Amino acid sequence: MDDLVVVSMTVNGRAVRRAVSPRQSLADFLRQDLGLTGTHLGCEHGVCGACTIVVDGRIQRGCLSFAAQMEGHTVETIEGATASGRLAALQTAFRERNALQCGFCTPGILLTAAEFLADNPRPIRDAIRTALSGNVCRCTGYHAIVDAVASAAEALS
Amino acid sequence: MTKNIGSARPRDDVRLLLDGRGTYLDDVPVTGALHVAFLRSPHAHADIAKIATAAAAALPGVVRVVTASDLAAICHGWGSSQTFPGLVERRQTALAATRAVYQGQPVAAVAAETRAIAEDGVEAIEVDWRPLPEMAALDHALEPGAAPAHGDLASNLAYSGTIGANIDPAIWKEAAHVLEESFIFHRVTGVPLETRGVVASYLPADGSLTVYQSHTAPHQLRSLYAMHLGLDEGRIHVVTPQVGGSFGVKIHLYPDEIATCAIARLIGRPVKFIADRLESFTADIHAREQRVRARVALGADGRFLAWQVDCLLGMGAFSTHPGSSVQEGDETVRLAATPYRVDAFAGRVDVAFQNKTIVGQYRGVGHPMASAVTEYMVDRSAEALGVLPEELRRRNYVPDDAYPTTSASGLPLDALSHRKCLDEILRLMDMPALRLAQAAFRAKGVYRGIGLSAFIERTATNVPVNAHVRKATAQDGVTLHIDPSGSVRAAITVTEQGQGTHTAIAQVIADALGVPFERVTVISGDSAATPYGSGIRASRGAPVGGELALKAGRALRRNVLAAAATLLQVAPDDLTLDNGTILRRGGGRGVRLDELAEAVHFRPQLFQHGAQPNLSVAMHFGHDWPTLVPTNGIQASYLEVDARTGMVRLLHHWAVDDFGTLINPLLAAEQVRGGIAQGIGQALYEELLYSEDGQLTNATLADYLLPKASDLPDITVGHVETPWPHSELGAKGAGEAGTTGALGAVLTAVNDALRPLGAKITEMPMTPERILRALGKI
């Protein structure tokens with residue numbers, strides 16, 4: 001029922017050109033049209049951080065952007081970041097420290113933590129907690145996540 | 001012998017979650033599914049005079065608009081599952097027909113080509129609402145003249161029960177001290193980050209229903225759908241894929257979920273319903289809304305002469321299904337004071353209907369309030385006697401060597417360790433140093449508090465009353481099979497929501513069978529893949545699922561040794577199996593399990609001189625232990641209250657738990673920490689705010705405050721191991737202890753901080769505003 005908009009962007013290193021509904025969120029587009037289901041939707045109003053993705057090199061909420069706004073932009077999801085290997089140290093630390101349970105928040109937390117560590121290679125514990133405060137985890141109590149991010153920082157230094 | 005039980009082994013099954021490759025409900029591939037959106041009541045209580053659906057049905061992309069009358073022939077509705085005799089029931093239907101009794105109750109549904117179009121359709125439905133007086137505020141629910149939550153009710157009292165025995169009135173007169181307090185616990189909800197969802201497909205050709213649902217008990221769902229939809233249970237297949245958190249929210253069955261399956265049956269096409277966050281807040285089970293009064297008679301020597309604990313629970317418009325809302329109040333009273341020797345105990349539970357969302361079983365069910373009330377009263381008792389809180393606890397605990405025993409409230413208890421846990425937590429905290437630091441800060445006008453909260457957690461539900469109505473079997477089931485490569489596949493009915501069930505079960509099987517952990521694969525959550533069984537609820541994964549895995553692993557081991565004995569032409573008793581290799585006790589050539597398995601599957605001629613080899617086992621287990629499995633623990637909170645702002649800063653938290661035999665300390669510790677975060681949420685942040693007319697006013701994650709990383713402290717976790725004496729494995733449940741102890745630890749710590757200011761607070765969450773009120777500043 002909507003007029004479609006043609007949009008071209010780069011997703012996980014590949015050029016993508018699609019006709020999208022102007023009301024389709026970027027997260028829905030990634031999940032439904034491109035099958036990139038690692039981007040999760042927890043609240044759809046920008047609070048929980050489960051839909052965190054990377055746009056032009058900075059993290060962003062996938063649920064607060066429209067796919068139609070992405071003309072000419074570069075988008076990276078958990079799938080692309082995993083394939084690039086840039087999350088490997090974090091992913092190893094998260095597994096070893098059991099820093100996830102249900103895993104629904106985890107892709108968003110990994111992308112947030114990776115950006116944080118790139119800017120803060122030797123973080124103190126409180127700084128990690130502050131950096132992760134835009135991401136809700138309902139399972140872990142965060143302690144293990146903070147441990148894992150600290151441990152990944154050491155492994156990367 | 002390799003020992004996996006007790007090993008802090010990380011989960012292997014998180015790798016795909018870390019890569020973003022988990023398959024949660026919305027990720028399940030389904031071809032040609034329509035999307036269902038619900039019109040929900042905007043009123044707490046209103047008659048539905050008319051529903052006009054033509055405009056919605058005419059929208060391009062809308063396939064069907066469904067109201068109660070469309071589903072009446074498919075699904076007749078249900079009462080609660082009546083697990084508490086005398087509970088007043090009101091029947092529900094999947095869609096409300098003529099009257100809505102809580103905001104968020106589903107009234108109509110639209111099936112459309114996309115979720116967005118389905119929502120457009122919902123907006124185009126016109127309902128002629130006739131609002132009725134609503135009953136929302138719990139404090140007034142039972143007053144004479146209160147508006148009835150259902151029109152035909154003479155009173156909003158849904159249930160009233162007593163626990164314990166009458167207390168001799170003379171005790172209150174003769175006691176050295178009588179302490180009384182009232183507590184207010186506000187409504188919270190579980191907030192799994194993945195909302196509820198269902199994908200249902202009905203094939204008219206063969207009468208089969210396939211359901212994918214974000215849930216923790218697939219077989220129970222299968223039985224319930226057969227009951228609700230009048231289908232042959234044998235033709236129902238239920239899969240619970242990766243579940244993004246449950247915490248009890250997803251052990252229930254909701255009207256919107258039943259409606260979705262009924263719509264699939266009505267229109268014969270696959271349909272998908274994923275709750276959005278607003279729906280999750282208004283329609284997931286709520287919990288905890290209680291008013292509690294406690295009264296303690298204390299002897300001059302510090303003995304607890306009597307405890308009276310009365311609870312009023314607001315349960316919402318219906319009792320939850322399956323199960324019963326009453327449990328949230330019943331457990332609070334029944335568990336009060338249970339760590340202690342109490343000469344007399346009397347309790348009462350009243351449950352009130354309200355025009356609010358249904359209260360159900362959120363992690364810890366009733367327990368957190370029991371512990372919070374008890375431990376607050378113990379601190380007050382210590383204050384009255386002039387002894388340290390930990391000293392009065394130690395003196396009055398049921399001694400660790402006094403079990404088995406029965407609590408004054410009538411609970412059979414066994415194998416608990418309150419004194420050991422207290423000693424361990426005091427050691428971890430370095431309590432003397434902490435008190436010195438607290439005193440130094442107080443001298444500087446900084447108000448720090450130290451709080452303790454001991455508790456008993458009842459885990460591993462066995463034989464629920466009316467299990468046949470709830471479709472809640474007490475049994476779990478497993479099949480084990482060794483494939484030709486020698487790898488072991490376990491299909492078990494206890495399910496995984498991230499707590500590490502699969503890893504723990506694999507550890508037990510590896511040890512019981514005698515194979516490396518890496519050779520064991522565990523699957524669950526599929527009614528077609530596993531035998532019938534309970535699923536996850538009430539922290540049963542380790543005590544029941546683990547015991548089943550142990551028994552089944554040993555049975556498979558016997559089968560393996562029998563097959564190997566035939567192959568090697570020796571007696572089974574002359575063989576052992578360890579780390580995946582079968583060896584002769586006296587030495588000589590053995591055989592690796594993978595070689596044996598290959599031979600069993602592909603070289604039958606090698607076994608023609610003995611019994612047919614059998615590398616599979618199917619087994620069920622439902623415990624006949626004397627009670628649910630009680631566990632115990634204690635938590636401590638260290639925090640600072642800013643007397644100017646009312647803000648609480650958490651400095652550190654400790655927990656010591658007795659889960660019996662620890663299968664995996666790494667996973668158990670994170671279960672505890674996650675539970676503590678939820679308990680802290682109830683203590684300080686989380687509250688579903690209702691207006692006087694029953695409108696939920698903060699149904700977003702921006703307005704309902706969940707604990708975030710920067711709100712929480714580091715959490716030290718310790719363990720005491722008193723194995724459950726009635727099982728071979730000795731494990732107890734670990735899923736809810738964290739939530740149970742945290743509320744009381746933070747409550748007692750905040751009050752410890754406020755004590756020098758002459759203030760107290762007993763209303764939770766303890767928001768800055770409430771703390772400032774307690775301090776008389778606003």
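The values are calculated or read from the model by the stated rules, or taken from the named source; none is laboratory data. From a predicted model like this one, the values you see are computed outputs, not experimental measurements. Backbone-built Cβ (ideal geometry, glycine too); neighbour counts: all protein chains shown.
Candidates B:L706, B:L701, B:L712: the one that is within 9 Å of chain A (Cβ to nearest Cβ), in contact with a Phe, Trp or Tyr (Cβ under 6 Å, 6 or more places away or on another chain) and either farther than 27 Å from B:T748 by Cα or surrounded by fewer than 24 Cβ atoms within 10 Å (Cβ to Cβ) (or both) is B:L712. The lone criterion from (1) under 28 Å from the mean Cα position of the chain (by Cα); (2) on the phi < 0 side of the Ramachandran plot left unmet by B:G77 is number (2). Only one of the numbered conditions (1) touching a residue at least 60 places away in the same chain (Cβ under 8 Å); (2) more than 12 Å from chain A (Cβ to nearest Cβ) is not met by B:L689, and that is (1). When we screen A:R58, A:R86, A:R97, A:R122 for residues that are surrounded by fewer than 24 Cβ atoms within 10 Å (Cβ to Cβ), within 10 Å of chain B (Cβ to nearest Cβ) and out of contact with any Gly (no Cβ under 9 Å at 6 or more places or on another chain), the only hit is A:R97.
Given B:L575, B:L556, B:L583, B:L561, which one is more than 29 Å from B:T501 (Cβ to Cβ), in contact with a Leu (Cβ under 6 Å, 6 or more places away or on another chain) and not basic (K, R)?
Values: B:L556 fails: more than 29 Å from B:T501 (Cβ to Cβ); B:L583 fails: in contact with a Leu (Cβ under 6 Å, 6 or more places away or on another chain); B:L561 fails: more than 29 Å from B:T501 (Cβ to Cβ).
It is B:L575.
Each residue in the stretch B:378-420 was checked for being part of a helix (DSSP H, G or I) and within 26 Å of the chain's Cα centre (by Cα), and 1 pass.
Of the strands (runs of 3 or more DSSP E) that lie entirely inside the stretch B:607-685, not one contains 3 or more residues that are out of contact with any helix residue (DSSP H, G or I) (no Cβ under 6 Å at 6 or more places or on another chain), of a type in the set (D, E) and touching a residue at least 24 places away in the same chain (Cβ under 8 Å).
Listed by first and then second residue, the pairs with beta-carbon distance under 6 Å, at least 6 apart or on different chains, first residue in the stretch B:14-25 and facing another protein chain (nearest Cβ under 7 Å), second in a strand (DSSP E or B), are B:G22/B:Q242; B:Y24/B:Q242. Residue count for the stretch B:255-284 satisfying the condition of being surrounded by fewer than 24 Cβ atoms within 10 Å (Cβ to Cβ), away from chain A (no Cβ under 14 Å) and in contact with a His (Cβ under 8 Å, 6 or more places away or on another chain): 0.
Might you check whether a residue that is surrounded by 15 or more Cβ atoms within 10 Å (Cβ to Cβ) and among the charged types (D, E, K, R) occurs anywhere in the stretch B:612-634? No, that holds for no residue. What residue, among those in the stretch A:44-54 that are at the interface with chain B (Cβ under 7 Å from one of its Cβ atoms) and in contact (Cβ under 8 Å) with a residue 40 or more places away in the chain, is surrounded by the fewest Cβ atoms within 10 Å (Cβ to Cβ)? Across the stretch A:44-54, the extreme among qualifying residues is A:V47.
Residues that are out of contact with any Phe, Trp or Tyr (no Cβ under 8 Å at 6 or more places or on another chain), modelled with pLDDT under 95 and buried (at least 24 other Cβ atoms within 10 Å of the Cβ) do not occur anywhere in the stretch B:505-525.
For B:K250, state whether it is within 14 Å of another protein chain (Cβ to nearest Cβ), crowded, with 24+ Cβ neighbours inside 10 Å and of a type outside the set (S, T, N, Q). So B:K250 passes the test.
Is it fair to say A:A144 is closer than 30 Å to B:F247 by Cα, within 12 Å of another protein chain (Cβ to nearest Cβ), in contact with a Phe, Trp or Tyr (Cβ under 9 Å, 6 or more places away or on another chain) and not in a strand (DSSP E or B)? Can you show your working first?
Details: closer than 30 Å to B:F247 by Cα: yes; within 12 Å of another protein chain (Cβ to nearest Cβ): yes; in contact with a Phe, Trp or Tyr (Cβ under 9 Å, 6 or more places away or on another chain): yes; not in a strand (DSSP E or B): yes.
Against the criterion (closer than 30 Å to B:F247 by Cα, within 12 Å of another protein chain (Cβ to nearest Cβ), in contact with a Phe, Trp or Tyr (Cβ under 9 Å, 6 or more places away or on another chain) and not in a strand (DSSP E or B)), A:A144 qualifies.
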